[in-house]
1. For segment 86-106, name all the residues that are at pLDDT 80 or above and part of a loop (DSSP other than H, G, I, E, B).
2. Test each condition in (1) at pLDDT below 80; (2) farther than 25 Å from residue 216 by Cβ; (3) surrounded by 15 or more Cβ atoms within 10 Å (Cβ to Cβ); (4) not aliphatic (A, V, I, L, M) for residue 121 and report the one that comes out false.
3. Of the residues 26, 30, 12, 39, which is among the aliphatic types (A, V, I, L, M), assigned to a loop (DSSP other than H, G, I, E, B) and modelled with pLDDT under 90?
Amino acid sequence: MRCGRGVGGGGAFTLIELLIVVAIIAILAAIAVPNFLEAQVRSKVARAKTDMRSVATALEAYAVDNNTPPWAPDSSRDTDGYGELRSYAFLTVPDSLTTPIGYITSHVPDPFRVGKRVNIGNNQGKPYQSGDPQDITFWYLCTRQGPTPDYSFFPPVNLDAVLELDGEWRLGAMGPQGLYPLAAGGGTLYDPRSVYDATNGSVSRGMIFRTQKKTEANNAGADAALLNG
């Protein structure tokens, strides 16, 4: 069976030849596409770490001027772009880093959060498409925040233990899998399942953390043992 003519009316391609070409293209695509997606994830991870370093520099500059890092939005008073109160799980880098003094020129978006819906366990969580720049920046918490800091979500951690381990503040990016363990109830910075580790696979569970004392919180198991005895 002939499917067409060659250039200048020469020999035509057969159906089998065309199918072979299509199969070769499909095989090449099957090899190339995963590699491309893998490179994309690695690029986002690197960008998140670089951007968190910039935010960390701004946090330290603020702390020098004010003798304390900025507090995250008040979970009992401040609202997100949808007018809903922010919980601890959804606290983000505060506006005080950008105004009135610009320690950073604008809120730095979490590359894994922009334009996405955050998965909480098996359910869809809060969408970060409100248009509020503060809704798409990194998760942030000042360790001493509040007159009585609430570490009930890190039991049985106390303030002194957290200060010794992490220092005055913590930052977090959502991570490649799109899960947000801080909002799921069981995941914490000290739960190994909630810390992203590329050795588990590029697209694996966990958030990417940075603290005042650690450029990368990747030893969650040891942290848990230290804090929980």
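The values are calculated or read from the model by the stated rules, or taken from the named source; none is laboratory data. Because the structure is predicted, anything quoted here is derived from the model rather than measured. When we count neighbours, we look across all protein chains shown, and the Cβ atoms used for this are built from the backbone with ideal geometry, even at glycine.
1. Passing the criteria: 93, 94, 98, 99, 100, 101, 102, 103, 104, 105, 106.
2. (3)
3. Unique residue meeting the criteria: 12.
Let's see how each residue does on (1) assigned to a helix (DSSP H, G or I); (2) modelled with pLDDT of 50 or more; (3) crowded, with 16+ Cβ neighbours inside 10 Å; (4) of a type in the set (Val, Ile, Thr):
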| residue | (1), (2), (3), (4) |
| --- | --- |
| 160 | yes, yes, no, no |
| 170 | no, yes, yes, no |
| 176 | no, yes, yes, no |
| 182 | yes, yes, yes, no |
| 187 | no, no, yes, no |
| 199 | yes, yes, no, yes |
| 202 | no, yes, yes, no |
| 217 | no, yes, yes, no |
| 226 | yes, no, no, no |
